[in-house]
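One structure is given below, encoded as structure tokens.
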Amino acid sequence: MSEVIHLGEENKMIKLEKITHNNFQEVLNIKLTDTQNDCVNSSIYCLAEAYVDIINNEKPPMLFAIYNNGEVIGLVEMGFYELKKDSFLWKEFGDKYTYEVNTFLIDERYQGKGFGKEAMNKVIEFLRTFPQGEADSITLSYWMTNDAARRLYASMGFVETGDVWDGETFEAWDTERADLENAEVGARLELK
């Protein structure tokens, strides 16, 4: 994979770059809105979790800083997964392998300006190259009450799978519950 992925527009130059010692502090400085702090992992948490994956010999996560015109505006962390036959995606869609977007952050200063959509276009373009192997889909999840995420991902072609779970315990969601802010929704973009 090349180190830099470009997407050009008149006022925007979105690219994904590896996280290095040169941009590490900028990645750590990514800020979320107050309402997002409870439902999205911070960049610090994301980097720590990737470290744990690596030292446990799991398939290396794919982490990139999201840049616009030379400035870090976000972070994306993705993984490649072989699915088990009893998994929801295998049973419902026949997916044997998927790329999952585990974390997708845009700094609060750049939200609502189209940067998220352009950055997600770059993520999809990159994953369509099958950087760690062929896959059937790209998957992600978001909180049921996060209408901005729902609209963004739907505009990119992601379709909700019907899989809903408790985002705290990862147990199946009980539809009788009233605390929808704890419900996490799965979405999928077919690759083949």
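The values are calculated or read from the model by the stated rules, or taken from the named source; none is laboratory data. Remember, predicted model here, so these are calculated numbers, not experimental data. Cβ atoms come from the backbone with ideal geometry, glycine included; neighbour counts cover every protein chain shown.
Observations
- Residues of the stretch 76-96 that turn out to be surrounded by fewer than 21 Cβ atoms within 10 Å (Cβ to Cβ), touching a residue at least 40 places away in the same chain (Cβ under 8 Å) and assigned to a strand (DSSP E or B), as a count: 1
- Residue list for the stretch 179-192, restricted to those being more than 17 Å from residue 98 (Cα to Cα) and either at pLDDT 90 or above or in contact with a Gly (Cβ under 8 Å, 6 or more places away or on another chain) (or both): 182, 183, 184
- On inspection, residue 73 fails the criterion of being assigned to a loop (DSSP other than H, G, I, E, B), buried (at least 19 other Cβ atoms within 10 Å of the Cβ) and not polar (S, T, N, Q).
- Criterion: within 23 Å of residue 67 (Cα to Cα) and in contact (Cβ under 8 Å) with a residue 40 or more places away in the chain - qualifying residue of 118, 184: 118
- Residue that is surrounded by the fewest Cβ atoms within 10 Å (Cβ to Cβ) [pool: residues in the stretch 143-180 that are out of contact with any Phe, Trp or Tyr (no Cβ under 7 Å at 6 or more places or on another chain) and among the acidic types (Asp, Glu)]: 176
- Contacts under 6 angstrom Cβ, first residue in the stretch 147-169 being assigned to a helix (DSSP H, G or I), partner not basic (Lys, Arg), 6 or more apart: 149/142; 152/116; 153/187
- Any hit, the stretch 171-178, residues being of a type in the set (Asp, Glu), within 24 Å of residue 90 (Cα to Cα) and modelled with pLDDT of 90 or more: no
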